[in-house]
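Everything on this sheet refers to the single structure shown next.
The values are calculated or read from the model by the stated rules, or taken from the named source; none is laboratory data. Worth saying up front: this structure is predicted, and the values here are computed from it rather than measured. Every residue, glycine among them, receives a Cβ derived from its backbone with ideal geometry; neighbour counts consider all protein chains shown. SASA here: full protein model, heavy atoms, side chains in, ligands and nucleic acids out. Shrake-Rupley method; radii C 1.70, N 1.55, O 1.52, S 1.80 Å.
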Amino acid sequence: MVFKGRSIISIRDLSKPDILKILKRAKQIEQLISKDPSKLLTLAEDKVIASLFFEPSTRTRLSFETAINRLGAKVIGFSGTEGTSVKKGETLKDTALTIAQYADMIVMRHPLEGSARYVAEVTGIPVINGGDGANQHPTQTLLDLYTILKNKGDLSGLTITMVGDLKYGRTVHSLAYALSLFDNINLIFVSPDELKMPAYLVDEIREKSGIKITETSEISDAVLKSDIIYVTRIQKERFPDPEEYHRLKTTYVIDKELMSMVKQDTIIMHPLPRVDEISTDIDSLDNAVYFNQAGLGVPVRMALISLLFGYGISY
Amino acid sequence: MVTKEKQELVITKLKDGTVIDHIPQGRSLDVLKALSILKKTKNTIALIMCVDSKKIGKKDLLKLNNFELGHISLGKIAVIAPGSTIAIVKDYRVISKCQAAIPDVLISSLRCINSNCISNAKEDITSRFKVVSKEPLKVRCHYCERTFTGDGIVVDV
(Lines give C-alpha, C1' and ligand atoms only; values in the text may rest on other atoms or scores of the structure.)
Protein backbone atom coordinates (compact mmCIF):
# COMPACT_ATOMS: atom_id res chain seq x y z
CA MET A 1 0.00 0.00 0.00
CA VAL A 2 1.10 3.57 -0.60
CA PHE A 3 1.54 5.09 2.82
CA LYS A 4 1.53 8.77 1.90
CA GLY A 5 -1.71 10.39 2.99
CA ARG A 6 -3.16 7.19 4.43
CA SER A 7 -4.52 6.59 7.91
CA ILE A 8 -3.52 3.79 10.25
CA ILE A 9 -6.72 2.69 11.96
CA SER A 10 -6.61 -1.07 12.34
CA ILE A 11 -4.10 -3.86 12.00
CA ARG A 12 -6.61 -5.43 9.58
CA ASP A 13 -5.84 -2.64 7.09
CA LEU A 14 -2.17 -3.67 6.91
CA SER A 15 -0.77 -6.44 4.74
CA LYS A 16 2.37 -8.39 5.59
CA PRO A 17 4.52 -6.25 3.20
CA ASP A 18 3.04 -3.08 4.80
CA ILE A 19 4.03 -4.30 8.26
CA LEU A 20 7.53 -5.25 7.11
CA LYS A 21 7.95 -1.85 5.47
CA ILE A 22 7.02 -0.05 8.69
CA LEU A 23 9.37 -2.23 10.76
CA LYS A 24 12.21 -1.69 8.29
CA ARG A 25 11.70 2.06 8.53
CA ALA A 26 11.61 1.79 12.36
CA LYS A 27 14.98 0.03 12.29
CA GLN A 28 16.48 2.78 10.10
CA ILE A 29 15.11 5.42 12.43
CA GLU A 30 16.35 3.65 15.53
CA GLN A 31 19.84 3.49 14.03
CA LEU A 32 19.67 7.19 13.15
CA ILE A 33 18.51 8.12 16.65
CA SER A 34 21.57 6.46 18.15
CA LYS A 35 23.96 7.75 15.46
CA ASP A 36 22.81 11.26 14.62
CA PRO A 37 19.35 12.22 15.95
CA SER A 38 19.73 15.81 14.69
CA LYS A 39 19.33 14.53 11.11
CA LEU A 40 15.75 13.58 11.89
CA LEU A 41 14.89 16.87 13.54
CA THR A 42 14.33 18.68 10.26
CA LEU A 43 12.31 15.92 8.62
CA ALA A 44 8.84 17.13 9.60
CA GLU A 45 9.71 20.59 10.87
CA ASP A 46 6.99 22.28 8.82
CA LYS A 47 4.25 19.96 10.13
CA VAL A 48 1.76 20.31 12.95
CA ILE A 49 0.33 17.14 14.46
CA ALA A 50 -2.73 17.13 16.71
CA SER A 51 -2.53 14.74 19.65
CA LEU A 52 -6.15 14.23 20.71
CA PHE A 53 -6.49 12.02 23.76
CA PHE A 54 -10.17 11.98 24.68
CA GLU A 55 -9.28 9.62 27.52
CA PRO A 56 -6.12 9.41 29.62
CA SER A 57 -3.01 7.63 28.46
CA THR A 58 0.58 7.67 29.67
CA ARG A 59 2.74 5.55 27.42
CA THR A 60 0.92 5.94 24.13
CA ARG A 61 0.53 9.71 24.34
CA LEU A 62 4.05 10.42 25.58
CA SER A 63 5.54 7.99 23.10
CA PHE A 64 3.67 9.64 20.22
CA GLU A 65 4.60 13.12 21.40
CA THR A 66 8.25 12.06 21.75
CA ALA A 67 8.11 10.66 18.20
CA ILE A 68 6.59 13.92 16.91
CA ASN A 69 9.24 16.01 18.70
CA ARG A 70 12.08 13.82 17.46
CA LEU A 71 10.90 14.40 13.88
CA GLY A 72 10.90 18.16 14.43
CA ALA A 73 7.12 18.52 14.00
CA LYS A 74 5.02 20.66 16.35
CA VAL A 75 2.40 19.08 18.55
CA ILE A 76 -0.95 20.56 19.58
CA GLY A 77 -3.78 18.84 21.41
CA PHE A 78 -5.26 17.77 24.70
CA SER A 79 -5.26 14.92 27.16
CA GLY A 80 -8.70 14.44 28.68
CA THR A 81 -11.66 16.47 27.49
CA GLU A 82 -11.82 18.84 30.48
CA GLY A 83 -11.90 22.42 29.22
CA THR A 84 -12.52 21.43 25.59
CA SER A 85 -15.62 22.00 23.48
CA VAL A 86 -16.35 18.27 23.77
CA LYS A 87 -17.59 19.06 27.27
CA LYS A 88 -19.98 21.60 25.73
CA GLY A 89 -21.59 18.84 23.70
CA GLU A 90 -19.73 19.29 20.42
CA THR A 91 -19.89 16.24 18.15
CA LEU A 92 -16.73 14.33 17.34
CA LYS A 93 -17.23 15.27 13.69
CA ASP A 94 -17.23 18.99 14.45
CA THR A 95 -14.22 18.71 16.78
CA ALA A 96 -12.29 16.74 14.16
CA LEU A 97 -13.24 19.02 11.24
CA THR A 98 -12.13 22.06 13.24
CA ILE A 99 -8.80 20.55 14.27
CA ALA A 100 -8.17 19.38 10.70
CA GLN A 101 -8.06 23.09 9.79
CA TYR A 102 -5.04 23.49 12.08
CA ALA A 103 -3.10 20.24 11.84
CA ASP A 104 -1.55 18.09 9.10
CA MET A 105 -2.18 14.81 10.93
CA ILE A 106 -4.22 13.57 13.87
CA VAL A 107 -3.12 11.07 16.48
CA MET A 108 -6.07 10.12 18.66
CA ARG A 109 -7.41 7.94 21.43
CA HIS A 110 -11.15 7.83 22.05
CA PRO A 111 -13.38 5.62 24.21
CA LEU A 112 -15.80 4.78 21.38
CA GLU A 113 -14.95 1.95 19.00
CA GLY A 114 -14.63 3.03 15.39
CA SER A 115 -14.05 6.68 16.32
CA ALA A 116 -10.63 6.89 14.64
CA ARG A 117 -11.97 5.48 11.37
CA TYR A 118 -14.84 7.95 11.48
CA VAL A 119 -12.47 10.90 12.06
CA ALA A 120 -10.25 9.74 9.18
CA GLU A 121 -13.31 9.58 6.92
CA VAL A 122 -14.71 12.99 7.82
CA THR A 123 -11.44 14.94 7.87
CA GLY A 124 -9.56 13.38 4.97
CA ILE A 125 -6.20 13.99 6.69
CA PRO A 126 -4.04 11.10 7.97
CA VAL A 127 -5.21 9.74 11.30
CA ILE A 128 -3.27 7.34 13.50
CA ASN A 129 -5.42 5.37 15.92
CA GLY A 130 -3.94 5.40 19.40
CA GLY A 131 -6.73 3.19 20.74
CA ASP A 132 -10.49 3.22 20.11
CA GLY A 133 -12.32 1.65 23.04
CA ALA A 134 -11.81 -2.11 23.17
CA ASN A 135 -11.28 -2.28 19.42
CA GLN A 136 -7.86 -1.49 17.94
CA HIS A 137 -4.49 -0.13 18.95
CA PRO A 138 -2.42 -0.75 15.83
CA THR A 139 0.74 1.08 16.90
CA GLN A 140 0.95 -1.14 20.00
CA THR A 141 0.81 -4.19 17.72
CA LEU A 142 3.49 -2.74 15.45
CA LEU A 143 5.81 -2.02 18.37
CA ASP A 144 5.15 -5.53 19.71
CA LEU A 145 6.11 -6.98 16.33
CA TYR A 146 9.19 -4.78 16.20
CA THR A 147 10.22 -5.96 19.68
CA ILE A 148 9.83 -9.59 18.55
CA LEU A 149 11.76 -8.95 15.35
CA LYS A 150 14.56 -7.19 17.23
CA ASN A 151 14.91 -9.90 19.82
CA LYS A 152 14.29 -12.95 17.64
CA GLY A 153 15.58 -11.75 14.26
CA ASP A 154 12.45 -13.06 12.51
CA LEU A 155 8.66 -13.00 12.70
CA SER A 156 8.25 -16.55 11.42
CA GLY A 157 8.81 -19.93 13.04
CA LEU A 158 7.99 -18.78 16.58
CA THR A 159 6.03 -20.17 19.50
CA ILE A 160 4.25 -17.35 21.28
CA THR A 161 2.33 -17.85 24.50
CA MET A 162 -0.19 -15.17 25.45
CA VAL A 163 -1.12 -15.16 29.12
CA GLY A 164 -3.79 -13.47 31.21
CA ASP A 165 -6.85 -11.56 30.13
CA LEU A 166 -7.28 -12.71 26.56
CA LYS A 167 -10.98 -11.82 26.51
CA TYR A 168 -10.83 -8.07 26.95
CA GLY A 169 -7.20 -7.34 26.08
CA ARG A 170 -7.20 -5.62 22.69
CA THR A 171 -3.38 -5.86 22.43
CA VAL A 172 -3.46 -9.66 22.35
CA HIS A 173 -6.34 -9.69 19.87
CA SER A 174 -4.47 -7.50 17.40
CA LEU A 175 -1.12 -9.17 17.96
CA ALA A 176 -2.56 -12.66 17.42
CA TYR A 177 -4.20 -11.43 14.22
CA ALA A 178 -0.96 -9.81 12.98
CA LEU A 179 1.16 -12.87 13.79
CA SER A 180 -1.20 -15.02 11.75
CA LEU A 181 0.16 -13.24 8.65
CA PHE A 182 3.55 -14.90 9.21
CA ASP A 183 4.71 -18.46 8.59
CA ASN A 184 5.00 -21.36 11.04
CA ILE A 185 3.56 -19.53 13.99
CA ASN A 186 2.44 -21.52 16.98
CA LEU A 187 0.13 -19.60 19.31
CA ILE A 188 -0.66 -20.81 22.82
CA PHE A 189 -3.42 -18.97 24.68
CA VAL A 190 -3.23 -19.38 28.46
CA SER A 191 -6.13 -17.92 30.43
CA PRO A 192 -8.76 -18.79 33.01
CA ASP A 193 -11.98 -20.01 31.40
CA GLU A 194 -13.65 -16.67 32.18
CA LEU A 195 -11.06 -14.74 30.19
CA LYS A 196 -10.54 -16.88 27.11
CA MET A 197 -9.74 -15.42 23.69
CA PRO A 198 -13.09 -14.69 21.97
CA ALA A 199 -14.15 -17.67 19.84
CA TYR A 200 -14.90 -15.52 16.78
CA LEU A 201 -11.30 -14.31 16.78
CA VAL A 202 -9.81 -17.78 17.23
CA ASP A 203 -12.01 -19.03 14.37
CA GLU A 204 -11.10 -16.09 12.16
CA ILE A 205 -7.37 -16.57 12.69
CA ARG A 206 -7.64 -20.31 12.13
CA GLU A 207 -9.73 -19.92 8.97
CA LYS A 208 -7.44 -17.25 7.57
CA SER A 209 -4.08 -18.80 8.17
CA GLY A 210 -4.20 -22.39 9.28
CA ILE A 211 -1.98 -21.30 12.14
CA LYS A 212 -1.55 -23.68 15.06
CA ILE A 213 -3.52 -22.51 18.10
CA THR A 214 -3.66 -24.21 21.50
CA GLU A 215 -5.96 -22.99 24.27
CA THR A 216 -5.23 -24.02 27.85
CA SER A 217 -5.53 -22.85 31.42
CA GLU A 218 -2.19 -24.46 32.42
CA ILE A 219 0.80 -22.20 32.13
CA SER A 220 3.61 -24.63 33.05
CA ASP A 221 3.57 -26.76 29.90
CA ALA A 222 3.07 -23.78 27.66
CA VAL A 223 6.07 -21.79 28.83
CA LEU A 224 8.52 -24.70 28.37
CA LYS A 225 8.44 -24.43 24.59
CA SER A 226 7.78 -20.72 24.17
CA ASP A 227 10.07 -18.28 22.40
CA ILE A 228 7.95 -15.40 23.64
CA ILE A 229 5.67 -15.09 26.65
CA TYR A 230 3.32 -12.14 26.19
CA VAL A 231 1.70 -11.27 29.50
CA THR A 232 -1.36 -9.05 29.98
CA ARG A 233 -2.86 -7.42 33.01
CA ILE A 234 -6.20 -8.61 34.34
CA GLN A 235 -8.17 -5.40 34.43
CA LYS A 236 -9.95 -4.62 37.67
CA GLU A 237 -12.59 -2.48 35.96
CA ARG A 238 -13.86 -5.51 34.00
CA PHE A 239 -15.14 -7.25 37.14
CA PRO A 240 -18.25 -6.09 38.98
CA ASP A 241 -17.39 -8.58 41.73
CA PRO A 242 -14.14 -7.62 43.54
CA GLU A 243 -13.71 -11.18 44.88
CA GLU A 244 -13.73 -12.57 41.39
CA TYR A 245 -11.05 -10.07 40.39
CA HIS A 246 -8.83 -10.97 43.36
CA ARG A 247 -9.19 -14.66 42.61
CA LEU A 248 -8.23 -14.25 38.95
CA LYS A 249 -5.52 -11.63 39.18
CA THR A 250 -3.04 -13.97 40.80
CA THR A 251 -3.87 -16.97 38.59
CA TYR A 252 -0.72 -16.48 36.56
CA VAL A 253 2.38 -14.77 37.91
CA ILE A 254 5.65 -14.71 36.00
CA ASP A 255 8.29 -14.98 38.71
CA LYS A 256 11.78 -16.39 39.20
CA GLU A 257 10.45 -19.88 39.79
CA LEU A 258 8.59 -19.89 36.50
CA MET A 259 11.55 -18.33 34.72
CA SER A 260 13.71 -21.27 35.81
CA MET A 261 11.52 -23.44 33.54
CA VAL A 262 11.75 -21.40 30.32
CA LYS A 263 14.33 -21.60 27.54
CA GLN A 264 17.36 -19.41 28.05
CA ASP A 265 16.42 -17.01 25.25
CA THR A 266 12.67 -16.82 25.94
CA ILE A 267 11.60 -13.20 26.16
CA ILE A 268 8.89 -11.80 28.41
CA MET A 269 6.77 -9.04 26.91
CA HIS A 270 3.99 -6.92 28.41
CA PRO A 271 2.13 -3.90 26.99
CA LEU A 272 2.27 -2.28 30.47
CA PRO A 273 1.15 -1.11 32.94
CA ARG A 274 1.66 -4.29 34.96
CA VAL A 275 0.26 -4.93 38.39
CA ASP A 276 0.95 -8.34 39.94
CA GLU A 277 1.27 -10.54 36.89
CA ILE A 278 5.04 -10.09 36.52
CA SER A 279 7.12 -10.16 39.67
CA THR A 280 9.58 -7.27 39.94
CA ASP A 281 12.20 -9.93 40.80
CA ILE A 282 12.63 -10.71 37.15
CA ASP A 283 12.96 -7.10 35.89
CA SER A 284 16.74 -7.31 35.83
CA LEU A 285 16.84 -10.50 33.74
CA ASP A 286 17.84 -10.20 30.09
CA ASN A 287 14.64 -12.06 29.26
CA ALA A 288 12.53 -9.18 30.60
CA VAL A 289 12.17 -6.87 27.61
CA TYR A 290 8.96 -4.99 28.53
CA PHE A 291 10.50 -1.61 29.32
CA ASN A 292 12.60 -1.71 26.18
CA GLN A 293 9.41 -2.78 24.36
CA ALA A 294 7.71 0.44 25.53
CA GLY A 295 10.77 2.42 24.35
CA LEU A 296 10.56 0.91 20.88
CA GLY A 297 7.18 2.60 20.51
CA VAL A 298 9.06 5.80 19.63
CA PRO A 299 10.96 4.63 16.50
CA VAL A 300 7.90 2.66 15.36
CA ARG A 301 5.64 5.73 15.67
CA MET A 302 8.29 7.91 14.01
CA ALA A 303 8.41 5.38 11.18
CA LEU A 304 4.65 5.57 10.71
CA ILE A 305 4.49 9.35 10.83
CA SER A 306 7.35 9.70 8.33
CA LEU A 307 5.75 7.18 5.96
CA LEU A 308 2.31 8.82 6.15
CA PHE A 309 3.90 12.18 5.28
CA GLY A 310 5.67 10.46 2.38
CA TYR A 311 9.19 11.21 3.59
CA GLY A 312 12.20 9.16 2.61
CA ILE A 313 15.01 8.53 5.06
CA SER A 314 18.65 8.63 4.06
CA TYR A 315 21.29 7.46 6.41
CA MET B 1 -58.34 -5.14 -3.58
CA VAL B 2 -59.02 -8.55 -2.07
CA THR B 3 -62.15 -10.32 -3.27
CA LYS B 4 -63.61 -13.71 -2.49
CA GLU B 5 -64.36 -15.92 -5.43
CA LYS B 6 -64.76 -19.69 -5.64
CA GLN B 7 -63.36 -20.14 -2.07
CA GLU B 8 -60.05 -18.59 -3.15
CA LEU B 9 -58.39 -15.33 -2.31
CA VAL B 10 -57.91 -13.34 -5.44
CA ILE B 11 -55.66 -10.33 -5.43
CA THR B 12 -56.22 -7.90 -8.22
CA LYS B 13 -53.35 -7.28 -10.56
CA LEU B 14 -50.94 -4.52 -9.71
CA LYS B 15 -50.85 -1.67 -12.20
CA ASP B 16 -47.68 0.05 -11.00
CA GLY B 17 -45.50 -0.88 -8.04
CA THR B 18 -43.43 -3.67 -6.55
CA VAL B 19 -44.18 -7.30 -5.74
CA ILE B 20 -42.03 -9.03 -3.15
CA ASP B 21 -42.62 -12.74 -3.54
CA HIS B 22 -41.23 -15.89 -1.93
CA ILE B 23 -40.85 -14.23 1.44
CA PRO B 24 -40.16 -16.99 3.99
CA GLN B 25 -43.37 -17.67 5.90
CA GLY B 26 -44.05 -15.17 8.67
CA ARG B 27 -41.42 -12.63 7.64
CA SER B 28 -43.61 -10.25 5.62
CA LEU B 29 -44.49 -8.12 8.64
CA ASP B 30 -40.77 -7.75 9.42
CA VAL B 31 -40.15 -6.70 5.82
CA LEU B 32 -42.90 -4.10 6.01
CA LYS B 33 -41.53 -2.81 9.28
CA ALA B 34 -37.95 -2.66 8.03
CA LEU B 35 -38.96 -0.77 4.92
CA SER B 36 -40.97 1.71 7.00
CA ILE B 37 -43.52 1.58 4.21
CA LEU B 38 -46.49 2.32 6.39
CA LYS B 39 -44.90 5.65 7.29
CA LYS B 40 -44.00 6.45 3.70
CA THR B 41 -47.08 5.61 1.64
CA LYS B 42 -50.81 6.10 1.62
CA ASN B 43 -51.12 3.70 -1.31
CA THR B 44 -52.66 0.26 -1.09
CA ILE B 45 -50.59 -2.58 0.26
CA ALA B 46 -51.56 -6.24 -0.11
CA LEU B 47 -50.04 -8.56 2.45
CA ILE B 48 -50.67 -12.22 1.88
CA MET B 49 -49.38 -14.74 4.36
CA CYS B 50 -49.01 -18.48 4.43
CA VAL B 51 -49.54 -19.07 0.71
CA ASP B 52 -48.71 -22.49 -0.78
CA SER B 53 -45.45 -22.39 -2.69
CA LYS B 54 -43.94 -25.10 -4.89
CA LYS B 55 -40.50 -23.63 -4.20
CA ILE B 56 -40.50 -23.16 -0.44
CA GLY B 57 -43.62 -24.88 0.92
CA LYS B 58 -45.29 -21.86 2.46
CA LYS B 59 -44.52 -18.28 1.67
CA ASP B 60 -45.60 -14.70 2.25
CA LEU B 61 -46.17 -12.13 -0.45
CA LEU B 62 -46.32 -8.34 -0.57
CA LYS B 63 -47.80 -6.15 -3.26
CA LEU B 64 -46.91 -2.52 -2.90
CA ASN B 65 -48.91 -0.17 -5.05
CA ASN B 66 -46.95 2.77 -6.52
CA PHE B 67 -43.86 1.99 -4.51
CA GLU B 68 -40.27 1.58 -5.66
CA LEU B 69 -37.51 0.07 -3.58
CA GLY B 70 -34.08 1.61 -3.25
CA HIS B 71 -30.85 -0.37 -2.91
CA ILE B 72 -30.90 0.09 0.88
CA SER B 73 -34.26 -1.65 1.02
CA LEU B 74 -32.96 -4.47 -1.15
CA GLY B 75 -30.18 -5.11 1.35
CA LYS B 76 -32.65 -5.14 4.23
CA ILE B 77 -34.96 -7.59 2.43
CA ALA B 78 -32.02 -9.86 1.64
CA VAL B 79 -31.15 -10.04 5.34
CA ILE B 80 -34.72 -10.45 6.67
CA ALA B 81 -36.16 -12.57 3.91
CA PRO B 82 -33.36 -14.30 2.00
CA GLY B 83 -34.46 -15.83 -1.30
CA SER B 84 -37.31 -13.36 -1.84
CA THR B 85 -37.92 -12.21 -5.38
CA ILE B 86 -38.66 -8.62 -6.25
CA ALA B 87 -40.59 -7.67 -9.35
CA ILE B 88 -41.09 -4.12 -10.59
CA VAL B 89 -44.43 -3.66 -12.31
CA LYS B 90 -45.27 -0.89 -14.75
CA ASP B 91 -48.65 -0.74 -16.45
CA TYR B 92 -49.51 -4.30 -15.38
CA ARG B 93 -46.27 -5.72 -16.84
CA VAL B 94 -43.24 -6.96 -14.96
CA ILE B 95 -40.41 -4.85 -16.28
CA SER B 96 -37.66 -6.27 -14.06
CA LYS B 97 -37.28 -9.10 -11.61
CA CYS B 98 -34.45 -10.00 -9.28
CA GLN B 99 -33.74 -12.09 -6.23
CA ALA B 100 -32.90 -10.30 -2.99
CA ALA B 101 -29.25 -11.24 -2.75
CA ILE B 102 -26.96 -10.31 0.10
CA PRO B 103 -24.46 -7.77 -1.23
CA ASP B 104 -20.76 -7.78 -0.20
CA VAL B 105 -21.30 -4.61 1.82
CA LEU B 106 -24.52 -3.59 3.59
CA ILE B 107 -24.87 0.18 3.76
CA SER B 108 -27.61 1.79 5.90
CA SER B 109 -29.32 -1.58 6.19
CA LEU B 110 -28.20 -2.78 9.63
CA ARG B 111 -27.69 -1.28 13.07
CA CYS B 112 -24.65 -2.18 15.18
CA ILE B 113 -25.69 -3.68 18.52
CA ASN B 114 -22.40 -2.68 20.16
CA SER B 115 -23.47 0.26 22.34
CA ASN B 116 -19.84 1.42 22.43
CA CYS B 117 -19.65 1.70 18.64
CA ILE B 118 -19.29 5.22 17.23
CA SER B 119 -22.13 4.42 14.80
CA ASN B 120 -24.49 4.53 17.81
CA ALA B 121 -23.25 7.91 19.04
CA LYS B 122 -25.00 11.17 18.22
CA GLU B 123 -22.99 11.57 15.05
CA ASP B 124 -23.91 11.81 11.40
CA ILE B 125 -22.91 8.24 10.50
CA THR B 126 -24.18 5.86 7.86
CA SER B 127 -23.94 2.27 9.08
CA ARG B 128 -21.73 0.00 7.03
CA PHE B 129 -21.16 -3.74 7.41
CA LYS B 130 -18.87 -6.01 5.46
CA VAL B 131 -20.44 -9.38 4.72
CA VAL B 132 -17.88 -11.93 5.92
CA SER B 133 -20.04 -14.95 5.06
CA LYS B 134 -23.40 -15.17 3.27
CA GLU B 135 -24.42 -18.64 4.45
CA PRO B 136 -24.70 -18.54 7.39
CA LEU B 137 -24.82 -14.76 7.38
CA LYS B 138 -21.88 -13.22 9.24
CA VAL B 139 -21.19 -9.47 9.09
CA ARG B 140 -18.48 -7.16 10.45
CA CYS B 141 -19.16 -3.56 11.46
CA HIS B 142 -16.98 -1.17 9.43
CA TYR B 143 -16.46 1.00 12.52
CA CYS B 144 -16.10 -1.13 15.66
CA GLU B 145 -14.95 -4.18 13.63
CA ARG B 146 -17.07 -6.59 15.69
CA THR B 147 -18.41 -9.62 13.90
CA PHE B 148 -22.08 -10.55 14.25
CA THR B 149 -24.17 -13.60 13.41
CA GLY B 150 -27.75 -14.76 14.10
CA ASP B 151 -29.62 -12.54 16.55
CA GLY B 152 -26.65 -10.14 16.63
CA ILE B 153 -27.62 -8.98 13.13
CA VAL B 154 -30.23 -6.25 13.51
CA VAL B 155 -31.94 -4.52 10.59
CA ASP B 156 -32.17 -0.76 10.95
CA VAL B 157 -35.80 0.35 10.99
Collect the residues in the stretch A:131-161 that are of a type outside the set (Gly, Ala, Ser) and outside any helix (DSSP H, G or I), keeping them in residue-number order.
A:Asp132, A:Asn135, A:Gln136, A:His137, A:Asp154, A:Leu155, A:Leu158, A:Thr159, A:Ile160, A:Thr161
Would you mind listing the helices (runs of 4 or more DSSP H) fully within the stretch A:162-250 where at least 2 residues are touching a residue at least 60 places away in the same chain (Cβ under 8 Å) and within 14 Å of chain B (Cβ to nearest Cβ)?
A:170-179
Determine whether A:Ser63 is away from chain B (no Cβ under 14 Å), closer than 21 Å to A:Leu296 by Cα and either without any contact (Cβ under 8 Å) to a residue 24 or more places away in the chain or outside any helix (DSSP H, G or I) (or both).
no
If B:Lys33 satisfies every condition in (1) open to solvent by 40 Å² or more (accessible area, probe 1.4 Å); (2) among the basic types (Lys, Arg); (3) part of a strand (DSSP E or B) but one, which is the exception?
(3)
If we keep only residues of the stretch A:127-145 that are open to solvent by less than 10 Å² (accessible area, probe 1.4 Å) and within 18 Å of B:Arg128 (Cβ to Cβ), then the residue farthest from the other protein chains (Cβ to nearest Cβ) is A:Val127
Kindly indicate whether any position in the stretch B:128-149 is open to solvent by less than 30 Å² (accessible area, probe 1.4 Å) and more than 14 Å from chain A (Cβ to nearest Cβ).
yes
Return yes when A:Gly83 is open to solvent by 20 Å² or more (accessible area, probe 1.4 Å), within 11 Å of chain B (Cβ to nearest Cβ) and over 23 Å from the mean Cα position of the chain (by Cα) and no when it is not.
no
If we keep just the residues of the stretch A:99-126 that are aliphatic (A, V, I, L, M) and within 13 Å of chain B (Cβ to nearest Cβ), which is surrounded by the most Cβ atoms within 10 Å (Cβ to Cβ)?
A:Ala116
Do we have B:Asp124 as open to solvent by 30 Å² or more (accessible area, probe 1.4 Å) and among the charged types (D, E, K, R) here?
yes
